[in-house]
Amino acid sequence: MGLKRKDILSIASLSVDEINMILEASEPFKEVSGREIKKVPALRGKTVVNLFFEPSTRTRTSFELAAKRLSADVINFSPSSSSIVKGETLLDTAKNIESMQADIIVLRHSSSGAAETLGRAVRSSVINAGDGWHEHPTQALLDLFTIKEKKGGISGLGVVIVGDLAHSRVARSNIHGLVKMGARVRVVSPPTMVPPFFDQLGVEVYHSFDEALPGMDVIIMLRLQLERQGWALFPSIREYSRLYGLTAERVQLAKPNVLIMHPGPLNRGVEIAPEVADSHGSVILDQVTNGVAVRMGLMYLLSELN
Ligand code: CP
(Lines give C-alpha, C1' and ligand atoms only; values in the text may rest on other atoms or scores of the structure.)
Protein backbone atom coordinates (compact mmCIF):
# COMPACT_ATOMS: atom_id res chain seq x y z
CA MET A 1 0.00 0.00 0.00
CA GLY A 2 1.57 3.33 -1.10
CA LEU A 3 0.65 6.97 -0.68
CA LYS A 4 -2.56 7.22 -2.74
CA ARG A 5 -2.70 10.97 -3.26
CA LYS A 6 -1.24 13.25 -5.93
CA ASP A 7 -0.54 16.27 -3.73
CA ILE A 8 0.68 17.03 -0.20
CA LEU A 9 -1.22 20.17 0.74
CA SER A 10 -1.71 19.97 4.50
CA ILE A 11 -1.27 17.80 7.58
CA ALA A 12 -4.98 18.25 8.36
CA SER A 13 -5.81 16.17 5.26
CA LEU A 14 -3.35 13.32 6.00
CA SER A 15 -4.35 10.22 7.95
CA VAL A 16 -2.26 8.77 10.77
CA ASP A 17 -1.36 5.86 8.45
CA GLU A 18 -0.16 8.27 5.77
CA ILE A 19 1.94 10.24 8.29
CA ASN A 20 3.47 7.01 9.58
CA MET A 21 4.14 5.86 6.01
CA ILE A 22 6.01 9.10 5.20
CA LEU A 23 8.04 8.95 8.43
CA GLU A 24 8.98 5.31 7.79
CA ALA A 25 9.85 5.95 4.14
CA SER A 26 12.16 8.81 5.24
CA GLU A 27 14.31 6.73 7.62
CA PRO A 28 16.52 5.01 4.99
CA PHE A 29 17.10 8.34 3.25
CA LYS A 30 18.71 9.74 6.39
CA GLU A 31 21.41 7.10 5.97
CA VAL A 32 21.87 8.13 2.30
CA SER A 33 22.62 11.71 3.36
CA GLY A 34 25.35 10.41 5.69
CA ARG A 35 27.20 8.60 2.89
CA GLU A 36 30.22 9.95 1.05
CA ILE A 37 28.28 9.64 -2.24
CA LYS A 38 24.90 11.08 -1.24
CA LYS A 39 22.87 9.88 -4.18
CA VAL A 40 20.37 7.17 -5.08
CA PRO A 41 18.60 6.70 -8.44
CA ALA A 42 15.03 6.69 -7.06
CA LEU A 43 13.85 9.76 -9.07
CA ARG A 44 16.14 9.39 -12.11
CA GLY A 45 14.34 10.84 -15.14
CA LYS A 46 11.87 12.82 -12.98
CA THR A 47 11.72 16.61 -12.86
CA VAL A 48 11.14 18.68 -9.71
CA VAL A 49 10.40 22.41 -9.96
CA ASN A 50 10.83 24.65 -6.91
CA LEU A 51 8.42 27.56 -7.21
CA PHE A 52 9.08 29.91 -4.27
CA PHE A 53 7.17 33.21 -4.16
CA GLU A 54 8.41 34.00 -0.63
CA PRO A 55 11.96 34.00 0.77
CA SER A 56 13.32 30.72 2.12
CA THR A 57 16.67 29.35 3.24
CA ARG A 58 15.92 25.94 4.74
CA THR A 59 12.89 24.71 2.80
CA ARG A 60 14.04 25.63 -0.70
CA THR A 61 17.58 24.33 -0.20
CA SER A 62 16.27 21.20 1.49
CA PHE A 63 13.89 20.38 -1.38
CA GLU A 64 16.67 21.02 -3.91
CA LEU A 65 19.15 18.79 -2.06
CA ALA A 66 16.51 16.11 -1.53
CA ALA A 67 15.57 16.04 -5.21
CA LYS A 68 19.22 16.00 -6.33
CA ARG A 69 20.08 13.20 -3.88
CA LEU A 70 17.23 11.23 -5.46
CA SER A 71 18.80 11.93 -8.92
CA ALA A 72 15.90 14.07 -10.16
CA ASP A 73 16.42 17.03 -12.49
CA VAL A 74 15.75 20.19 -10.46
CA ILE A 75 14.70 23.64 -11.61
CA ASN A 76 14.68 26.53 -9.14
CA PHE A 77 12.15 28.95 -10.55
CA SER A 78 12.66 32.54 -9.47
CA PRO A 79 9.46 34.64 -9.76
CA SER A 80 11.41 37.93 -9.74
CA SER A 81 13.21 37.03 -12.98
CA SER A 82 10.24 35.34 -14.65
CA SER A 83 7.27 36.48 -16.72
CA ILE A 84 5.33 36.87 -13.47
CA VAL A 85 6.79 40.40 -13.35
CA LYS A 86 5.03 40.96 -16.73
CA GLY A 87 1.69 40.01 -15.19
CA GLU A 88 1.50 36.25 -15.83
CA THR A 89 -0.65 34.54 -13.18
CA LEU A 90 0.43 31.73 -10.85
CA LEU A 91 -1.86 29.27 -12.63
CA ASP A 92 -0.63 30.19 -16.11
CA THR A 93 2.95 29.96 -14.90
CA ALA A 94 2.31 26.55 -13.35
CA LYS A 95 0.51 25.23 -16.45
CA ASN A 96 3.51 26.24 -18.58
CA ILE A 97 5.84 24.46 -16.16
CA GLU A 98 3.56 21.42 -16.26
CA SER A 99 3.69 21.47 -20.08
CA MET A 100 7.45 20.92 -19.77
CA GLN A 101 6.59 17.61 -18.04
CA ALA A 102 7.36 18.58 -14.43
CA ASP A 103 6.55 15.63 -12.20
CA ILE A 104 6.57 17.50 -8.87
CA ILE A 105 5.99 21.23 -8.25
CA VAL A 106 7.03 22.53 -4.81
CA LEU A 107 5.17 25.77 -4.04
CA ARG A 108 5.70 28.42 -1.40
CA HIS A 109 3.26 31.30 -1.62
CA SER A 110 1.99 34.10 0.60
CA SER A 111 -1.68 33.23 -0.09
CA SER A 112 -3.37 30.58 2.05
CA GLY A 113 -4.85 27.97 -0.30
CA ALA A 114 -2.46 28.68 -3.20
CA ALA A 115 -1.09 25.11 -3.18
CA GLU A 116 -4.59 23.59 -3.18
CA THR A 117 -5.63 25.77 -6.12
CA LEU A 118 -2.51 24.72 -8.01
CA GLY A 119 -3.01 21.05 -7.17
CA ARG A 120 -6.49 21.15 -8.71
CA ALA A 121 -5.23 22.88 -11.87
CA VAL A 122 -2.23 20.71 -12.84
CA ARG A 123 -1.50 17.00 -13.31
CA SER A 124 1.92 17.33 -11.63
CA SER A 125 2.15 16.48 -7.94
CA VAL A 126 2.08 19.65 -5.83
CA ILE A 127 3.83 19.89 -2.45
CA ASN A 128 2.89 22.82 -0.23
CA ALA A 129 6.12 24.39 1.06
CA GLY A 130 4.16 26.95 3.10
CA ASP A 131 1.02 28.88 2.09
CA GLY A 132 0.30 32.11 3.92
CA TRP A 133 -0.86 31.52 7.48
CA HIS A 134 -2.41 28.15 6.55
CA GLU A 135 0.03 25.18 6.65
CA HIS A 136 3.65 24.10 6.21
CA PRO A 137 3.21 20.33 6.08
CA THR A 138 6.80 19.26 5.39
CA GLN A 139 8.00 21.31 8.38
CA ALA A 140 5.59 19.39 10.62
CA LEU A 141 6.65 16.07 9.08
CA LEU A 142 10.33 16.79 9.76
CA ASP A 143 9.44 17.92 13.28
CA LEU A 144 7.52 14.68 13.90
CA PHE A 145 10.45 12.70 12.48
CA THR A 146 12.88 14.52 14.80
CA ILE A 147 10.72 14.02 17.91
CA LYS A 148 10.27 10.32 17.09
CA GLU A 149 14.00 9.92 16.46
CA LYS A 150 15.05 11.66 19.69
CA LYS A 151 12.29 10.43 22.03
CA GLY A 152 11.57 6.99 20.51
CA GLY A 153 7.93 7.85 19.77
CA ILE A 154 5.35 10.64 19.81
CA SER A 155 2.23 9.26 21.49
CA GLY A 156 1.85 10.38 25.11
CA LEU A 157 4.57 13.06 24.96
CA GLY A 158 3.86 16.56 26.26
CA VAL A 159 4.62 19.15 23.58
CA VAL A 160 4.29 22.91 24.05
CA ILE A 161 4.18 25.25 21.04
CA VAL A 162 5.00 28.84 21.94
CA GLY A 163 4.62 32.18 20.21
CA ASP A 164 2.94 33.89 17.32
CA LEU A 165 0.06 31.45 16.72
CA ALA A 166 -1.89 34.02 14.71
CA HIS A 167 0.58 34.08 11.82
CA SER A 168 2.15 30.64 12.11
CA ARG A 169 1.55 28.00 9.43
CA VAL A 170 4.14 25.88 11.28
CA ALA A 171 1.97 25.93 14.42
CA ARG A 172 -1.14 24.85 12.51
CA SER A 173 0.62 21.96 10.78
CA ASN A 174 2.36 20.83 13.95
CA ILE A 175 -0.84 20.96 16.00
CA HIS A 176 -2.66 18.77 13.46
CA GLY A 177 0.27 16.35 13.25
CA LEU A 178 1.03 16.09 16.96
CA VAL A 179 -2.63 15.68 17.98
CA LYS A 180 -3.13 12.97 15.31
CA MET A 181 -0.02 11.15 16.56
CA GLY A 182 -1.29 11.14 20.17
CA ALA A 183 0.81 13.87 21.80
CA ARG A 184 -0.62 16.11 24.55
CA VAL A 185 -0.30 19.54 23.03
CA ARG A 186 -0.26 22.89 24.82
CA VAL A 187 -0.01 26.21 23.03
CA VAL A 188 1.21 29.43 24.62
CA SER A 189 0.67 32.88 23.17
CA PRO A 190 -0.37 36.41 24.10
CA PRO A 191 -4.21 36.55 24.10
CA THR A 192 -4.06 38.83 21.04
CA MET A 193 -2.18 36.17 19.04
CA VAL A 194 -4.49 33.16 19.52
CA PRO A 195 -7.04 32.70 16.72
CA PRO A 196 -10.52 31.98 18.19
CA PHE A 197 -10.82 28.43 16.76
CA PHE A 198 -7.58 27.14 18.32
CA ASP A 199 -9.32 25.67 21.37
CA GLN A 200 -11.23 23.39 18.95
CA LEU A 201 -8.02 21.79 17.64
CA GLY A 202 -7.51 19.45 20.60
CA VAL A 203 -4.92 21.60 22.39
CA GLU A 204 -4.81 23.36 25.76
CA VAL A 205 -4.42 27.14 25.38
CA TYR A 206 -2.18 28.98 27.87
CA HIS A 207 -1.20 32.61 28.12
CA SER A 208 1.47 32.08 30.81
CA PHE A 209 4.61 30.35 29.47
CA ASP A 210 5.78 29.40 32.97
CA GLU A 211 2.46 27.66 33.77
CA ALA A 212 2.55 25.65 30.54
CA LEU A 213 6.07 24.21 30.92
CA PRO A 214 5.84 21.66 33.79
CA GLY A 215 5.66 18.08 32.46
CA MET A 216 6.61 19.00 28.90
CA ASP A 217 8.97 16.74 26.88
CA VAL A 218 9.30 19.05 23.87
CA ILE A 219 9.28 22.84 23.45
CA ILE A 220 8.62 24.17 19.94
CA MET A 221 9.37 27.89 19.72
CA LEU A 222 7.84 29.90 16.89
CA ARG A 223 9.42 32.81 15.11
CA LEU A 224 7.88 36.19 15.87
CA GLN A 225 6.80 37.11 12.33
CA LEU A 226 7.55 40.80 12.39
CA GLU A 227 7.06 41.06 8.60
CA ARG A 228 3.45 39.82 8.92
CA GLN A 229 2.45 42.13 11.81
CA GLY A 230 0.08 44.63 10.18
CA TRP A 231 -0.85 45.98 13.60
CA ALA A 232 0.52 45.92 17.14
CA LEU A 233 -0.50 42.70 18.91
CA PHE A 234 1.75 43.29 21.94
CA PRO A 235 3.20 46.43 23.57
CA SER A 236 6.85 45.96 22.51
CA ILE A 237 9.33 43.32 21.39
CA ARG A 238 11.06 43.64 24.77
CA GLU A 239 7.76 42.89 26.55
CA TYR A 240 7.08 39.92 24.22
CA SER A 241 10.56 38.56 24.85
CA ARG A 242 10.20 38.91 28.63
CA LEU A 243 6.90 37.02 28.73
CA TYR A 244 7.29 34.54 25.85
CA GLY A 245 11.03 34.17 25.23
CA LEU A 246 12.71 30.84 26.03
CA THR A 247 15.49 31.42 28.56
CA ALA A 248 17.77 28.94 30.33
CA GLU A 249 15.72 29.52 33.52
CA ARG A 250 12.47 28.63 31.75
CA VAL A 251 13.97 25.43 30.29
CA GLN A 252 14.42 24.23 33.90
CA LEU A 253 10.62 24.30 34.40
CA ALA A 254 10.08 21.55 31.80
CA LYS A 255 11.11 17.89 32.12
CA PRO A 256 14.82 17.04 32.27
CA ASN A 257 16.13 16.28 28.74
CA VAL A 258 13.43 18.42 27.18
CA LEU A 259 13.90 18.83 23.40
CA ILE A 260 14.17 22.42 22.21
CA MET A 261 12.95 22.98 18.66
CA HIS A 262 12.50 25.93 16.32
CA PRO A 263 11.63 25.85 12.60
CA GLY A 264 13.93 28.79 11.84
CA PRO A 265 14.83 31.43 11.01
CA LEU A 266 15.65 32.39 14.62
CA ASN A 267 15.17 35.82 16.13
CA ARG A 268 17.98 35.32 18.66
CA GLY A 269 17.29 37.24 21.85
CA VAL A 270 13.59 37.68 20.98
CA GLU A 271 11.77 34.31 21.13
CA ILE A 272 14.86 32.30 22.11
CA ALA A 273 17.99 33.18 24.07
CA PRO A 274 21.18 32.48 22.09
CA GLU A 275 22.57 30.17 24.81
CA VAL A 276 19.35 28.09 24.66
CA ALA A 277 19.39 27.89 20.86
CA ASP A 278 22.96 26.56 21.03
CA SER A 279 22.47 24.36 24.12
CA HIS A 280 22.79 20.58 24.44
CA GLY A 281 19.00 20.16 24.43
CA SER A 282 18.55 22.10 21.21
CA VAL A 283 17.80 19.96 18.14
CA ILE A 284 17.30 22.91 15.80
CA LEU A 285 20.01 21.82 13.36
CA ASP A 286 18.89 18.17 13.60
CA GLN A 287 15.53 19.40 12.33
CA VAL A 288 17.28 20.85 9.29
CA THR A 289 19.25 17.64 8.69
CA ASN A 290 16.10 15.55 9.00
CA GLY A 291 14.24 17.87 6.63
CA VAL A 292 16.27 16.57 3.70
CA ALA A 293 15.52 12.92 4.57
CA VAL A 294 11.80 13.60 5.05
CA ARG A 295 11.52 15.48 1.75
CA MET A 296 13.37 12.61 0.04
CA GLY A 297 10.93 10.13 1.56
CA LEU A 298 7.94 12.20 0.56
CA MET A 299 9.06 12.77 -3.05
CA TYR A 300 9.95 9.10 -3.36
CA LEU A 301 6.44 8.09 -2.30
CA LEU A 302 4.82 10.66 -4.64
CA SER A 303 6.98 9.58 -7.56
CA GLU A 304 5.63 6.04 -7.25
CA LEU A 305 2.28 7.47 -8.43
CA ASN A 306 3.68 9.45 -11.40
N1 CP B 1 11.44 26.59 8.43
C2 CP B 1 11.33 27.30 7.28
O3 CP B 1 10.34 27.24 6.57
O4 CP B 1 12.44 28.06 6.97
P5 CP B 1 12.64 28.86 5.61
O6 CP B 1 11.65 29.99 5.61
O7 CP B 1 14.07 29.32 5.61
O8 CP B 1 12.35 27.92 4.47
Report summary line: The set of residues whose placed amide H lies less than 5 Å from the amide H of Ala72, leaving out same-chain residues fewer than 5 positions away, is Leu43
Requested in this report: For Glu275 and Asp17, compute 0.36 nm times the residue count separating them, minus their Cα-Cα distance, and round to one decimal in nm.
Outcome: 89.1 nm
Query - Rounded Å value of the spacing that divides the Cα centres of the range 269-302 and the range 235-262 - result: 18 Å
Query raised in the report: What percent does the relative contact order of the range 231-301 come to when contacts are Cα pairs within less than 8 Å and at least six residues apart?
Result: 32 percent
Query raised in the report: Hey, in the GNM for the chain with a 10 angstrom Cα cutoff, which one of Asp199, Asp210, Asp131 fluctuates hardest?
Result: Asp199
Query raised in the report: Tilt of helix 137-151 relative to the longest C-alpha principal axis of the chain, in degrees (0 to 90, nearest 10)?
Result: 60 degrees
Query raised in the report: Of all accessible surface on the chain at a 1.4 Å probe, what whole percent is carbon and sulfur?
Result: 54 percent
Report summary line: Listed residues Ile237, Ile220, Ile97; largest mean-square fluctuation, Gaussian network over the chain with Cα springs below 10 Å, found at Ile237
Report summary line: Connecting every pair of Cα atoms under 10 Å apart in the chain and solving the GNM, the largest mean-square fluctuation among Gly132, Gly291, Gly152 falls on Gly152
Requested in this report: Send over the Kirkwood Rh of the chain, from the inverse of the averaged 1/r over different Cα pairs, rounded to one decimal Å.
Outcome: 19.7 Å
Report task. For the chain, report the accessible area per residue in Å² (1.4 Å probe, heavy atoms, rounded to an integer). Result -> 43 Å²
**Report entry** Heavy-atom accessible area order for Thr59, Thr117, largest first, 1.4 Å probe
**Finding:** Thr117, Thr59
Report task. Please give the helix 58-69 orientation as an angle from the longest Cα principal axis of the chain, in degrees from 0 to 90, rounded to the nearest 10. Result -> 40 degrees
Report summary line: Residue span Gln101 to Ala121: 0.36 nm per residue of separation minus Cα-Cα distance leaves a gain in nm of 5.8 nm
Report summary line: Residue by residue through the range 155-162, the couplings from Karplus 6.51 cos²θ - 1.76 cosθ + 1.60 with θ = phi - 60°, in Hz, x for Gly and Pro, are 4, x, 6, x, 10, 10, 10, 10
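The values are calculated or read from the model by the stated rules, or taken from the named source; none is laboratory data. All of these numbers come straight from a predicted model, not from anything done at the bench. Quick note on the areas: whole protein, heavy atoms, side chains included, nothing else; ligands and nucleic acids left out. Shrake-Rupley method; radii C 1.70, N 1.55, O 1.52, S 1.80 Å.
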